[in-house]
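Q: Encoded as structure tokens, here's the structure I'll be asking about.
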Amino acid sequence: VNNVPGDVLKKQGIDMVIAVDVTPEREMNLIPYHRVPLPTHLSALSLKDRLLRYVKYVKARFGTILLPRIVMRVIAIEGLEITRTKSRYFDIHIKPNLEAFDLFDFRHLPEIVEIGEQAGRKEIEKIRQTIASLKRSRDEQKK
């Protein structure tokens, strides 16, 4: 239930929390992969053929059958809401741009990892500054 436990870490005395948020925001609105027109010549087909064509249409329009997309949307909304409510506990919040991938798109893992590494590298200076600030605070408390 707490996929970004910054609050738990801070309560345990952890000095710095770096959160990496990989929830695709595109799932919030069920943005389709492609625009596909609904077939117009379905009336001459049998009910079975019409249903099969409609299923293909829905799959082409939304990337997968609708029910799994809805489940992914629920997971994404939950993750985004948890992240929003817990973000005050993050010292660094890294959000790689993973909008081109599905939540369970494991076949593109090397590309996803590379995007994550690039996003992390962009935050290195901020991480160094935060560490330096924490060291200064700790040194001042010792005096």
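The values are calculated or read from the model by the stated rules, or taken from the named source; none is laboratory data. As the structure is a computational prediction, the values presented were derived from the model and not from experiment. Only protein heavy atoms, including side chains, enter the accessible area calculation; ligands, DNA and RNA are left aside. Shrake-Rupley method; radii C 1.70, N 1.55, O 1.52, S 1.80 Å.
Q: Long-range amide H contacts for Ile94: which residues qualify at under 5 Å (H placed 1.01 Å from N, peptide plane, sequence gap of 5 or more or a different chain)?
A: Ala19, Val20, Asp21
Q: Now for a different question. To the nearest 10 square angstrom, what accessible area does Glu117 show with a 1.4 Å probe?
A: Ignoring ligands and nucleic acids, Glu117 comes out at about 80 Å².
Q: Can you give me the % of accessible surface on the stretch 96-139 that is carbon or sulfur? Probe 1.4 Å, all protein chains present, nothing else counted.
A: Numbers: 1820 of 3300 Å².
For the stretch 96-139, the apolar C and S fraction of the accessible surface comes to 55 percent.
Q: Heavy atoms only, 1.4 Å probe, whole protein assembly: order Ile127, Ile92 by accessible area, highest first. It would help to have the intermediate numbers written out before the result.
A: Values: Ile127 35, Ile92 0 Å².
If we order Ile127, Ile92 from most to least accessible, we get Ile127, Ile92.
Q: Mind scanning Lys56/Lys86; Lys10/Lys95; Lys10/Lys143 and naming the pairs with a C-alpha gap bigger than 29 Å? Could the numbers behind the result be given before it?
A: Values: Lys56/Lys86 40 Å; Lys10/Lys95 20 Å; Lys10/Lys143 23 Å.
Over 29 Å Cα-Cα: Lys56/Lys86.
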